[in-house]
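Below is one structure, written out as structure tokens; the observations come after it.
The values are calculated or read from the model by the stated rules, or taken from the named source; none is laboratory data. Because the structure is a prediction, the values reported are computed rather than measured. Backbone-built Cβ (ideal geometry, glycine too); neighbour counts: all protein chains shown. We work out accessible area using only protein heavy atoms, side chains counted, and drop any ligands, DNA or RNA first. Shrake-Rupley method; radii C 1.70, N 1.55, O 1.52, S 1.80 Å.
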Amino acid sequence: MRAYAMGVFPMAEHRDDPEIFWVDPHLRGVFPLSGFHMSRSLSKSIKRPNYTISLNHDFEGVLDGCADRSDTWISTGIRTLYLALHDRAQAHSLEVWDPHGALIGGVYGVTLGGAFFGESMFSRRKDASKIALAFLTLHLKQCGFSLFDTQFITPHLASLGAIEVPRNVYKSRLNAALDQSADIENRPLPSVQDVLQRNTHTS
């Protein structure tokens, strides 16, 4: 947690790597909490009554879903540490479920002050991870968070509104967020209507 407060985050080279290294990129990905971009197709997916969302109902399932790929930085050691952080209410997950109760997507991260450090997400159905992010960004804003760190930018994240900022800008925003008090569990998750009615750019 001290490393997160300093602006660095852990990774491993691969699933079986016994070593953990720390990353402090020159350009940092962040999600402006008021700048989530919702395409028409994503809006249609969110309107469909074929999923439910939850908070912290299956952190381990989300963590393992994120690691369920041929090559992952979530090593056995990192997995153990995130489970420990979840037990201490410092790591959280947002889950997406299908009507039959199967976990089809989600995102997890670490909280500290008014900062949410997004670690990874996964999807087993079209748009499931996008749905998770649409709900999470609004939920964080409603709970008093001011920083959503995405670490790096991918085309997927950029299409949803994530941007890159220089390291010094990121750390200035981080320091401001650390002085704030926010609780991801102090409000219910947003409704579908909340998410659809937020101030977004629709394209």
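What the table shows:
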read-out: Test for Leu103: is it open to solvent by less than 40 Å² (accessible area, probe 1.4 Å) and farther than 24 Å from Gln180 by Cβ; value: yes
read-out: Helices (runs of 4 or more DSSP H) fully within the range 130-203 counting 2 or more residues that are within 23 Å of Tyr51 (Cα to Cα); value: 155-159, 192-197
read-out: Tabulated pairs, the range 180-197, first touching a residue at least 12 places away in the same chain (Cβ under 8 Å), second basic (Lys, Arg) and open to solvent by 50 Å² or more (accessible area, probe 1.4 Å), C-beta under 9 angstrom, 6+ apart or interchain; value: Val192/Lys47; Leu196/Lys47
read-out: Cβ-Cβ under 7 Å pairs, at least 6 apart or on other chains, the range 20-46 side over 22 Å from Phe145 (Cα atoms) and in a helix (DSSP H, G or I), far side of a type in the set (A, V, I, L, M) and open to solvent by 20 Å² or more (accessible area, probe 1.4 Å); value: Ser43/Leu196; Ile46/Val192; Ile46/Leu196
read-out: Top-ranked residue in the range 47-57 [being under 19 Å from Arg88 (Cα atoms) and assigned to a loop (DSSP other than H, G, I, E, B); ranked as most open to solvent (accessible area, probe 1.4 Å)]; value: His57
read-out: Flag for Ala182 being small (Gly, Ala, Ser) and more than 16 Å from the chain's Cα centre (by Cα); value: no
read-out: Residue in the range 139-152 that is at pLDDT below 95 and more than 19 Å from Val8 (Cβ to Cβ) present; value: no
read-out: Single residue of Ser70, Ser123 found to be within 23 Å of Val30 (Cβ to Cβ) and among the polar types (S, T, N, Q); value: Ser123
read-out: Members of the range 160-201 found to be more than 13 Å from Pro25 (Cβ to Cβ), among the basic types (Lys, Arg) and open to solvent by 70 Å² or more (accessible area, probe 1.4 Å), listed by number; value: Arg173, Arg187
read-out: Filter pass, Leu157 being open to solvent by less than 50 Å² (accessible area, probe 1.4 Å) and either among the basic types (Lys, Arg) or within 17 Å of Gly109 (Cβ to Cβ) (or both); value: yes
read-out: Sole residue being open to solvent by less than 30 Å² (accessible area, probe 1.4 Å) and more than 19 Å from Val192 (Cα to Cα), chosen from Ile20, Ile74; value: Ile74
read-out: Cβ-Cβ under 7 Å pairs, at least 6 apart or on other chains, the range 48-70 side over 9 Å from Gly106 (Cα atoms), far side among the small types (Gly, Ala, Ser) and in a helix (DSSP H, G or I); value: none
